[in-house]
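**Student:** Dumping the structure here so I can ask a few things about it.
The values are calculated or read from the model by the stated rules, or taken from the named source; none is laboratory data. Please read these numbers as outputs of a predicted model, since none were measured by experiment. All Cβ positions, glycine included, derive from the backbone under ideal geometry; neighbour counts span all protein chains shown. Quick note on the areas: whole protein, heavy atoms, side chains included, nothing else; ligands and nucleic acids left out. Shrake-Rupley method; radii C 1.70, N 1.55, O 1.52, S 1.80 Å.
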Amino acid sequence: MNQNTNEKFTGSLGIILAAVASAIGLGNIWKFPYITGVYGGSAFVIVYLLCVTLIGVPLLLSAFIIGRKSETDPVDAFKKLSPHTPWFLNGWLAIFTSLAIISFYSVVAGWAIYYAYLSATGGLVGLSPEEIGKAFGTFTSSSWQPLIWQLVFMIATSYIVIKDVRDGIERYSRLLMPLLLVLLISLDIRAVTLDGASVGLDFLFKPDFSKLTVEAVLSALGHSFFTLSIGAGTMITYGAYIRKKDNLLPIVAQIVAADTLIAILAGIAIFPAVFAFGVEPTSGPGLVFITLPNVFNQMPLGQLFSFVFFLLLFIAALTSAISLVEPSVSYLISGLGWKRKKATICVSLTITVIGATLSQGNGILNNFKLPFYINGIFQKMDIFGWTITLTDQLLPISGFFIAIFVGWTLDKKLVQKELSSSGKYKTGYFQFYRITIRFIVPAAIALIFLTSIFGLFK
Ligand code: TRP
């Protein structure tokens, strides 16, 4: 978005809100709970928290450095900071990854809209836990229903991206993010007062490392990138809109804190209910859509809460989706000189077609499996799950190269100057940051990655 680089977020609150709105999304409320269920709970949560603080924080700082210094889209950012080198390929990798993510993301966001509609029309009221589970299965495996809702979601996303409403995002993030918080806390209160809630809380918080597998560690790593929107160009693109005088570290700290808080609150809303209603914690992508309707059915004003919850899930997804479409659109505009409208429509159409195809992995293409080499063996997955797993791996690869780029290729003085905003702020943490980004982050990513791909410690 070269054309708009003089348009900066209004102060650090603006960037915090926009980045938080990107970070908080389906990753926190849909993906975190279900992978926590699949990978056995508490121990997975601890690894996730470690990844977020030790790897996520320095990488988010680094993405902002690349973005703010270059003030352009992810591909051109690398070209600008390191001309005539292959580094721009990492920008391409980021853009490819963002498209892969938004393709399945838009499908799940479509489910959220459908559930908001179902709640508004009372379609879930009075159903037994089994019936709720069945309803979800029937819906997602239908050959056309999910497509309509995905389309609705993509139209909403394009509508905002076309208008280039960073002010709009900023303004309504300000209103909606606090609302999301209030709502989640109300759900938490209901969830922890359910009979048998403690089993769910133990599952989430009592560490049981015997359940931890190498695959779980890779998934925690992948998810720490996903939840912080790192590795798909979003934070580089947003970094370009941060004012030169803002202090990056507190911005990053607040984004990470807000994002983690929402994920944990979502876990607390969901797991007590999972155990109280006998849903399998390992039930995968459907977890939120199956457990929460049970909680709502047990609540005073449950139907209203249900509607508001799924509406907010949709909105949280929308502000994230915008940040996933934006890197490609910004490349088409600044790299190829396209008009924003044409760029947005082309990108959105492509995403809709790919997403609609992936969605059939739950439906008519359910028997079509793709191989994935993980844990030393080829596993077969439907195309929907396959894409989610693929992005879990692409994000750390892109993160690895961001670390190498900022740690080893960029000039040390330039990096320090960005962190201190040209000497305005103290950077007592600089040495620590530098060692982390040069050694610890790449080594950790490489180790976890290779171990899990080749199944070294089975
Ligand atoms: N972080 C968002 C979520 O948790 C998803 C997202 C938006 C994302 N932009 C991204 C993930 C860039 C990876 C990279 O729902």
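**Student:** What are the chymotrypsin sites (Phe, Trp or Tyr not before Pro) within the stretch 94-150 that DSSP puts in a loop, where the Cβ has at most 12 other Cβ atoms within 10 Å?
**Tutor:** Taking the stretch 94-150 and a limit of 12 other Cβ atoms within 10 Å, the loop chymotrypsin sites (Phe, Trp or Tyr not before Pro) found are W144.
**Student:** If I take R0 = 22 Å and measure r between the Cβ atoms of E280 and A446 in this structure, what FRET efficiency does the formula 1/(1 + (r/R0)^6) give, to the nearest 0.05?
**Tutor:** It comes to 0.05.
**Student:** Sticking with this one: Against the longest alpha carbon principal axis of the chain, how many degrees, from 0 to 90 and to the nearest 10, is the axis of helix 441-454 turned?
**Tutor:** 50 degrees
**Student:** For the stretch 170-280, compute the orientation-averaged projected area of the C-alpha convex hull (one quarter of its surface), in nm².
**Tutor:** Mean projected area of the Cα convex hull: 9.2 nm².
**Student:** Could you tell me the calculated FRET efficiency between K412 and L336, based on Cβ-Cβ distance and R0 = 35 angstrom, to the nearest 0.05?
**Tutor:** Details: r = 34 Å, r/R0 = 0.97.
In this case the efficiency is close to 0.55.
**Student:** Rank G423, F405, P371 by how far each Cα sits towards the positive end of the charge dipole of the stretch 354-437 (+1 on Lys, Arg Cβ; -1 on Asp, Glu Cβ) and give me just the farthest.
**Tutor:** G423
**Student:** Can you work out the Karplus-derived ³J(HN,Hα) for every residue in the stretch 250-255? Use 6.51 cos²θ - 1.76 cosθ + 1.60 with θ = phi - 60°, whole Hz, and x for glycine or proline.
**Tutor:** x, 4, 4, 4, 6, 4
**Student:** Can you list residues whose amide H is under 5 Å from F372's amide H, if they're 5+ apart or on another chain and H is modeled 1.01 Å from N?
**Tutor:** Here the answer is Q379, K380, M381, since their amide H atoms fall under 5 Å of that of F372.
**Student:** To the nearest Å, what is the center-to-center distance of the stretch 87-113 and the stretch 188-261, using C-alpha atoms only?
**Tutor:** 19 Å
**Student:** What's the angle, to the nearest 10 degrees (0 to 90), between helix 57-70's Cα axis and the longest principal axis of the chain?
**Tutor:** Here the helix axis deviates by roughly 50 degrees.
**Student:** For the ranges 18-30, 199-211, what's the packing order if you count other beta-carbon atoms within 10 Å of each residue, average per peptide, and put the highest first?
**Tutor:** Highest to lowest by the protection proxy: 18-30, 199-211.
**Student:** Take peptides 366-379, 290-303, 64-77 and line them up by average Cβ neighbours within 10 Å, highest first, as a rough protection proxy.
**Tutor:** Answer by packing, highest mean first, reads 64-77, 290-303, 366-379.
**Student:** Taking all protein chains in place and a 1.4 Å probe, what share, in percent, of the accessible surface of the stretch 6-129 do carbon and sulfur account for?
**Tutor:** 70 percent
**Student:** Hey, another quick one. Would you mind putting 341-353, 383-395, 322-334 in packing order, based on average other-beta-carbon counts within 10 Å, highest first?
**Tutor:** Packing proxy ranking, top to bottom: 322-334, 383-395, 341-353.
**Student:** Quick check: pseudo-label points 7 Å beyond the Cα along Cα→Cβ at I364 and E130, how many nm apart are they?
**Tutor:** With each label point 7 Å from Cα toward Cβ, the separation is 3.1 nm.
**Student:** Taking R0 as 30 Å, what FRET efficiency do you get between L151 and I189 from their Cβ-Cβ distance, rounded to the nearest 0.05?
**Tutor:** 0.25
**Student:** A further question follows. Whole-Å semi-axes of the chain's equivalent ellipsoid, largest first, each the root of 5 times a Cα gyration tensor eigenvalue?
**Tutor:** Each semi-axis is the square root of five times an eigenvalue, giving 34, 24, 22 Å.
**Student:** Over the chain, with the other protein chains present, what is the accessible area per residue in square angstrom, probe 1.4 angstrom?
**Tutor:** Ligands and nucleic acids excluded, the result is 38 Å² per residue.
**Student:** How large is the convex hull of the C-alpha atoms of the stretch 255-357 per residue, in Å³?
**Tutor:** Dividing the Cα hull volume of the stretch 255-357 by its residues yields 143 Å³.
**Student:** Give the distance, in whole Å, between the Cα centre of the stretch 367-390 and the Cα centre of the stretch 45-70.
**Tutor:** Between the Cα centre of the stretch 367-390 and that of the stretch 45-70, the gap is 28 Å.
**Student:** Further, regarding this structure: Got a number for carbon plus sulfur as a percent of the stretch 302-458's accessible area, 1.4 Å probe?
**Tutor:** Working: 4900 of 7020 Å².
Ligands and nucleic acids excluded, carbon and sulfur reach 70 percent.
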